[in-house]
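A quick write-up on the structure given underneath.
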Amino acid sequence: MSRLLSGALALLFSSTALGHGGVWNYSIAGDWQPGFFPYYPAEGQSSIQRHWIDFGPITDLASPSLICNNPGTSAEEYATVAAGAQIEAYYRGWPHDIGAVIVWMAYCGAEPASCAEFDGTDGARWFKIDQAGLLSGTMLDGVWAQGDMVANRNYTWSVTIPERLQQGAYLLRHELLALHVPLTPEFYPECAHLYVTGTGDELPGEDYLAAIPGVWEQDDPELHLSIYEEPSSSRTDWEIPGPAVWRGSRN
Ligand SMILES: *[C@@H]1O[C@H](CO)[C@@H](O)[C@H](O)[C@H]1NC(C)=O
Ligand SMILES: *[C@@H]1O[C@H](CO)[C@@H](O)[C@H](O)[C@H]1NC(C)=O
Ligand SMILES: [Cu+2]
């Protein structure tokens, strides 16, 4: 890394205004690669990740930025990956430990590069392939998925592409749902372009599909709460809103 780049990164990490984050890198079936890096000009960057402008949260639940962050414009590349393979996302320096990790996909089309033309807004298109929220203890003092990722998983979240998923192009959307600010849930979404290969022939049914924006609602009692006050602080169950996780039928 050049000294200029190290200096720039050190500056980023020291600035409180930037004390949030997102997915920096992806490992596709074991190969690490960069995502799009916010704060650098888009020109000259080429990755599988859609563009995002900064590490800040999205808090407007109706905003189109909730889809693939702001501005969420198309990635230059896509990663080819076999159904059943593992994908890891690296949240370098992620600072929060209260909240959920959710991973979504949306079918873009049959052609490998179909996601370049897909904005994900056309009705209920998104399905979850993984989610984790409150793992143990209470909402105030317990262990959340984000805390576990930071403390035990080296800021890395792993998912498996459902084995029987139909071949085609998909957006892969990682989302952190942070609950440390009372009554203001924060969302940190980033999207990557995939081309999933294989002989699977399954797609999730309607029950598993959600619209984004739309799935998160301001009056949802699981989102509009303060973990610092009762009745929330001592709760030991917290239900992640939205549809159930789709795993397809397994072999
Ligand atoms: C991780 O992402 C950062 C930011 O895009 C990039 O500078 C770095 O080279 C990437 N590392 C790997 C191993 O791809
Ligand atoms: C944590 O993950 C990053 C990204 O894969 C890697 O560069 C780093 O070496 C890992 N650190 C440890 C302690 O395993
Ligand atoms: Cu933050």
* Residues being within 17 Å of residue 247 (Cβ to Cβ) and charged (D, E, K, R): count how many of those fall in segment 98-140. => 2
* Structure fact -> Cβ pairs under 6 Å, 6+ apart or interchain, first in segment 159-186 and within 16 Å of residue 28 (Cβ to Cβ) and in contact (Cβ under 8 Å) with a residue 12 or more places away in the chain, second within 16 Å of ligand 3 (Cβ to nearest atom) and not in a strand (DSSP E or B), ordered by first then second residue, are 174/23
* Condition broken by residue 161, with the remaining ones in (1) β-branched (Val, Ile, Thr); (2) within 16 Å of ligand 1 (Cβ to nearest atom); (3) crowded, with 20+ Cβ neighbours inside 10 Å satisfied -> (2)
* Structure fact -> Scanning segment 155-186 for residues that are under 15 Å from residue 50 (Cβ atoms) and within 16 Å of ligand 3 (Cβ to nearest atom) gives 174, 175
* To do: Determine whether residue 205 is crowded, with 17+ Cβ neighbours inside 10 Å and out of contact with any helix residue (DSSP H, G or I) (no Cβ under 7 Å at 6 or more places or on another chain).
  => no
* Asked: Hey, among 93, 120, which residue is under 14 Å from residue 170 (Cβ atoms), part of a loop (DSSP other than H, G, I, E, B) and either at pLDDT below 95 or within 16 Å of ligand 2 (Cβ to nearest atom) (or both)?
  -> 120
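For every residue, the table says whether it meets (1) of a type in the set (A, V, I, L, M); (2) under 28 Å from residue 90 (Cα atoms).
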position	(1), (2)
169	yes, yes
176	yes, yes
180	no, yes
203	yes, yes
214	no, yes
233	no, no
* To do: Any residue in segment 35-56 that's among the basic types (Lys, Arg): show its pairings with residues that are outside any loop (DSSP other than H, G, I, E, B) and within 16 Å of ligand 3 (Cβ to nearest atom) at Cβ separation under 9 Å, as long as the two are six or more apart or on different chains.
  => 50/190
* From the list 36, 55, which one is within 16 Å of the chain's Cα centre (by Cα), closer than 30 Å to residue 237 by Cα and either away from ligand 2 (no atom under 16 Å from the Cβ) or in a strand (DSSP E or B) (or both)? -> 55
* Does residue 185 fit the bill of being surrounded by 16 or more Cβ atoms within 10 Å (Cβ to Cβ), more than 20 Å from residue 96 (Cα to Cα) and more than 16 Å from ligand 1 (Cβ to nearest atom)? -> no
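The values are calculated or read from the model by the stated rules, or taken from the named source; none is laboratory data. It should be emphasised that the depicted structure is a prediction, and the values quoted were computed from it without experimental measurement. Note that we place each Cβ from the backbone using ideal geometry, even for glycine, and neighbour counts take in every protein chain shown.
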